[in-house]
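The values are calculated or read from the model by the stated rules, or taken from the named source; none is laboratory data. This is a predicted model, so every value here is computed, not measured. A quick note on method: Cβ atoms are made from the backbone with ideal geometry, for glycine too, and the neighbour counts reach across all protein chains shown.
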Amino acid sequence: MTAIDARHATTATQPFDVTRVREDFPILRQLVRGKPLVYLDSAATAQKPQAVIDTLVRYYTTENANVHRGVHYLSQQATDDYEGGRSKVRAFLNAKEDREIIFVRGTTEGINLVAATYGRKNLGPDDEIIMTAMEHHSNIVPWQILCQEQGAKLRVIPMNERGELLMEEYEKLLNPRTKMVSVVHQSNALGTLNPVAEIIRLAHQQGVPVLLDGAQAVPHMVIDVQSLDCDFLTFSGHKLFGPTGIGVLYGKAALLEAMPPYQGGGDMIRSVTFERTTYNDLPYKFEAGTPHIEGSIGLGAAIDYLTALGLEQTAAYEHELLAYGTGRLSEVPGLTIIGTAREKAGVLSFVLENVHPHDIGTILDTEGIAIRTGHHCCQPVMDRFGIPATARASLAFYNTREEIDALVAGLHKVVEVFG
Ligand code: C6P
């Protein structure tokens, strides 16, 4: 067992007890529209365990102060805990150094940061950025903006009917003009797990850096940035059972060192005169202004919680639940699952014959069942499958087979109403 396996399998000897785990999530106890809440929208945002909520309350009750600025007790405490959150993220991702962990607002800001700094510095006319056909808008638009500014071009790896990348097409797309590969690890719209290790290996053969959009993957599987050898990885705290408004950009130190700053302001400077500013060291060079202090501390608590559960165990449990859900959904007449990749996690996207996904979502809501409907910020995916939208149930380790059964019962009602 490697060091990272050991860290993520701390309780692997005990069976996963979902009933007990659910007690950690107070929000799951409530009735919605008179029915027990069935929360199947964790890909949009995950629920928070009591340990995270308590940490945030403790921070504001006993510790609130600005960081990196004060000599007083509270400021030192807040600084220690804010930086403690960074160390926890470093250990969680198995990054080499704390300074490789930049706090941002979320995945979207992480990608924008890389496009605006690394991208502006290193990409020029006719240079190319490769991405996949299943990107979230957050991993398309920042690069499009860069292309408009610099005259660079987007190249897209196509996918098959299952929602799997055509890797031979990727190999053909890689060429001397390729300056960046920026790909989603796990698709939020389809659930596909992309072969990112191979994508990185092939890009590196040509000396091209790779950014991973880890928004969906990081909460649901063990990620080791050193063994993956990705150059950048970004994710959102709120999908990792932590607070909103905090996210992480991991970058290899040498790349981050060479990048210009993203935003100007406090904390990111070493010295300022009206003539000239010199910038702070990593990671502060990229953290302008008062940071999201309780965000880092709350994210650290979420990582502690997840690590204690054992990410390998939660991932295995979610995998079983996905298999169960896939089987049960196939019993619903007229239902087609969109996204049937052989390597897949956590997401059940589907359409129902003659029923608009929004109607599915509305009827399920009357049963207390929360799913997401729409294009999931992946309009090109919808275009690829020739549909306007899907209904999407997304899973986390606090979901149960009974909740999947409730979803299926709700879908039978939808079929009755529209049948
Ligand atoms: N997907 C969903 O319901 P932010 O908003 O910055 O935390 O994450 C953006 C993002 C980027 N990449 C992927 C793969 C994502 O899934 C998301 C967020 C949510 O699927 C909201 S659209």
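Data overview
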item	result
In the stretch 234-276, the residues that are more than 23 Å from Leu211 (Cα to Cα) and exposed (fewer than 14 other Cβ atoms within 10 Å of the Cβ)	Gly264, Gly265, Arg270, Ser271, Val272, Thr273, Phe274, Glu275, Arg276
Among (1) in contact with a Ser or Thr (Cβ under 8 Å, 6 or more places away or on another chain); (2) touching a residue at least 40 places away in the same chain (Cβ under 8 Å) - the single one Leu212 does not satisfy	(2)
Yes/no for Val347 being of a type in the set (Val, Ile, Thr), in contact with a helix residue (DSSP H, G or I) (Cβ under 7 Å, 6 or more places away or on another chain) and outside the structural domain of Met159 (by TED's automatic domain parsing)	no
Ala44 being of a type in the set (A, V, I, L, M, F, W, C), under 30 Å from Leu348 (Cα atoms) and within 16 Å of the ligand (Cβ to nearest atom)	yes
Residue count, the stretch 26-45 (criterion: part of a loop (DSSP other than H, G, I, E, B) and under 24 Å from Gly106 (Cα atoms))	5
Extreme residue, nearest to the ligand (Cβ to nearest atom), among residues of the stretch 47-67 that are hydroxyl-bearing (Ser, Thr, Tyr) and either surrounded by fewer than 17 Cβ atoms within 10 Å (Cβ to Cβ) or closer than 30 Å to Lys344 by Cβ (or both)	Tyr60
Selected residue (criterion: nearest to the ligand (Cβ to nearest atom)) from residues of the stretch 222-257 that are without any contact (Cβ under 8 Å) to a residue 40 or more places away in the chain and either closer than 25 Å to Tyr305 by Cα or in a helix (DSSP H, G or I) (or both)	Leu228
Failed condition for Asp267, given (1) farther than 13 Å from Val89 by Cβ; (2) in a loop (DSSP other than H, G, I, E, B); (3) within 16 Å of the ligand (Cβ to nearest atom)	(3)
Helices (runs of 4 or more DSSP H) contained entirely in the stretch 83-188, each with at least 3 residues that are more than 17 Å from the chain's Cα centre (by Cα)	141-150, 167-173
So Ala288, is it assigned to a loop (DSSP other than H, G, I, E, B), assigned by TED's automatic domain parsing to the domain that holds Asp80 and farther than 30 Å from Thr400 by Cβ	yes
Subset of the stretch 46-78 (residues that are outside any helix (DSSP H, G or I) and under 19 Å from Glu287 (Cβ atoms))	Asn64, Ala65, Asn66, Val67, His68, Arg69, Gly70
Candidates Ala43, Ala115, Ala65, Ala78, filtered to the one that is more than 20 Å from Ala308 (Cβ to Cβ), aliphatic (A, V, I, L, M) and not assigned by TED's automatic domain parsing to the domain that holds Cys147	Ala43
